[in-house]
Every structure is written in structure tokens, then in C-alpha cells.
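Just so it is clear, none of the values below were taken in a lab; they were calculated from the coordinates. None of these values were measured; they are calculated from a predicted model. When we count neighbours, we look across all protein chains shown, and the Cβ atoms used for this are built from the backbone with ideal geometry, even at glycine.
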Amino acid sequence: MADLSSNPNSNNAENHLNHPKARFMDAMDIIQWEGFWFEPGLVQPAMTFRSCFQAQNNDVVLTSNIKTGTTWLKSLCLCILKNPKPDEDLDLLVEDNPHFHVPTIESTIYSTKPHIDLYKAPSPRLLHSHLPYIVLPDSVKNTDCKIVYIARNPKDTLISMWHFFNSILYPNQDPFPLERTVDCFLSGVHQYGPFFDHVLQYWLESRKNPQKILFLKYEELKRDPKGEVKKLAEFLGKPFATEEEIDKVLWRCSLERLKNLKVNKNGSIVYSVPNSLYFRKGVVGDWKNYLTPEMEEKINQMSSIKLEEHGLFL
Ligand code: A3P
């Protein structure tokens, strides 16, 4: 079983004595805070983020649950905002993994001491968080900064999550039983869970305030990449001038290309998670290769109650 103690905050679990605790996939301690489950080391940084972060009007905060296309979204926004005129000599994605360029706030910025100085970051600041909407800082909610959320079909998210955590927690071993992972997912007891509440919060907020929160779906990005990326660039205030620019960004951010870049084949950015683990198949409907009809039915029922009732079909 892998050791996650390289997380710089994993030793401060004793600070969380009053939080409900659980163990994900029999190998990972998680604690509950504000109705959601987190690795213990993420909670203090999340609290600091909530109380200290001062958003600026032109910040862009990307948000997502895990395994829903975060890496793709970070890459696309990086190209749109930081490489507006794509040219081969200035390709940040070749220089480093997208998670290096667009840090996940609670697992990097506020988990380091001293904290990375966000105020020196070049404008517009491009940041990311997996945190649920409810714990985002007030300044993110109340300034003109933009939020982009990416959602994904729950069954594909679950399978992606299962592969990811098997690689980290049980490397070179038999996978953790899928049935028990489905149970964790449905009961919401997993990193950044409950998944359904996470998606729903952002969905409802985006409906209330579509100028502020753009709600993207992984499957739509796959189905109509040009249309969705055009929409994303317009939302970010950086519309494309030509079709060629869109094609170039899509090519730069394609799974096949990123997966094969040297920076992503080696090394790790966050804790000791290899960069290569962020790139797997990227196939819509991959869940069909793994879930039994019973598992499918249980997840569909949950989607129907939690999401479809609110007009969200994933
Ligand atoms: P699969 O495990 O289904 O292949 P996250 O970035 O939130 O961790 O999500 C990871 C999922 O997004 C993985 O899905 C991964 O393969 C897929 N992914 C990563 N980069 C991608 C890209 N550039 N285009 C499409 N999918 C990508």
C-alpha cells in the first residue's frame, strides 16, 4: 500500500480530532468538514484559503471535483489566457505539467509554509480549487472574478477515480473491489465527496449567475470541442480571432499530445502523484467496461434524485 505521508500536512491529523473520520478504499484517512470529505491535510489549507484569500476582479478560478477533466480545463484556460497567440516557442504546456502552471489552491498554495505569494502572480491570476462552492472565500463569490466549473458523468468519474486511487494506494496489486468503491461514492464518503452535492452546488449557483459561473460538461467538450472552447474563451473575455487559433489550442491540449510530452511522462507536481496518472483514456462511457447493471442502476437512481430533479443531466 502506498504512503501518502509526503503530503506536507498529513501529520496534522491531530488538529482534526472533532471531525468525523472515515477510511476510503481501506487505505486513505478522510475527515468531514462542512459536509464534505477531505484528506486531513487539506482542511487547514482550505480554512486558510477561505479566511485569507482576497480575490481580484480579473481572477479566474477553475473548480471541479476530482477526475472530471480538471487537467484538460487547466490546459485549455492556460492556452487561452496565457498563450493567446500560440507559437511553438512559447508553449507552457511543454515546459511543465498543467497542475504546475495552474495550482490547486488547497493542495499547493496554502499547504506550503511560507505560502506561495499569490500577490506576485501575473495578472490575470489563473487558479484552481476542488473545494465545494459552500467553502469558497466570500471574495471569490462577491467580486467580479470568474469561476469555471467542469462536471462529468458520475459513472465515468467514479471509474476514473477508482483507477487513479488504485494506482496510488495499491500500486502493482489487485485493484480494490469496485463494488465497495461504488458504495463509498454513493454514500459520498470519498475525497471531495459527496460528488453529487458538489456538482449540484455549482450547477445551482451557475444557474443563478451565469455571467459569473460557467458550467462546463466533460462530455460536451468531447462532443463539440470547438463550440465549447469558443464559449469558454468568450466567457474569459479572450475570444478567438480565427478558427485556426481554436484548432491550435485544441491540438495543444489534446490528451494524446499531453500524455506523450516529456514533462508528463516523468516527475510529479502534487505530493508524490506521478504526472502520468492524470492522463489515462479520456473515453466517454468507459464505465460500461466495468460497472455491473446493478451498480449502473444504483448510480442512475442517485443521479435522477440528486441532479436530474434540478435539470442537470450528466
Ligand atoms: P479517464 O480516467 O476516464 O481516462 P482530472 O484531470 O480531473 O484528474 O480528470 C482525469 C480524467 O481526465 C482522466 O479520465 C483523464 O484521462 C482525462 N483527461 C486528462 N487530460 C485530458 C485531456 N487533455 N483531454 C481529455 N481528457 C483528459
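List of remarks:
- Compactness relative to 2.2 N^0.38 Å, alpha carbon Rg of the chain: 0.96
- Amide H within-cut-off set for residue 151, under 5 Å, with H built and near neighbours excluded: 216, 217, 218
- Relative contact order (%) - criterion: Cα under 8 Å, at least six apart; region: the chain: 24 percent
- Partners of residue 288 within straight-line reach, counting aspartates and glutamates whose Cα lies under 16 Å from its Cα and excluding those fewer than 8 residues away in the same chain: 156, 179, 219, 296, 297.
- Label-to-label distance for residue 260 and residue 18 is 5.5 nm, based on points extended 7 Å past Cα in the beta-carbon direction.
- A DSSP coil position with no more than 12 other Cβ atoms inside 10 Å describes none of the trypsin sites (Lys or Arg not before Pro) in the range 132-210.
- Restraint check, 155/262; 120/259; 155/281; 82/230; 67/226, Cα-Cα greater than 24 Å: 155/262; 120/259
- Take each peptide in 284-297, 66-79, count the other Cβ atoms within 10 Å of every residue, and average; sorted highest first, the result is 66-79, 284-297.
- A full extension of the chain between residue 280 and residue 268 corresponds to an added length of 2.8 nm, given 0.36 nm per residue minus the alpha carbon distance.
- By the count of other C-beta atoms within 10 Å, a proxy for reagent exposure, 170, 119, 202 are ordered fewest to most as 119, 170, 202.
- Here the peptides 159-166, 31-38, 49-56 are ranked by packing, the mean other Cβ count within 10 Å, and the order with the highest first is 159-166, 31-38, 49-56.
- Based on C-alpha pairs under 8 angstrom that are at least 6 apart in sequence, the range 185-314 has a relative contact order of 20 percent.
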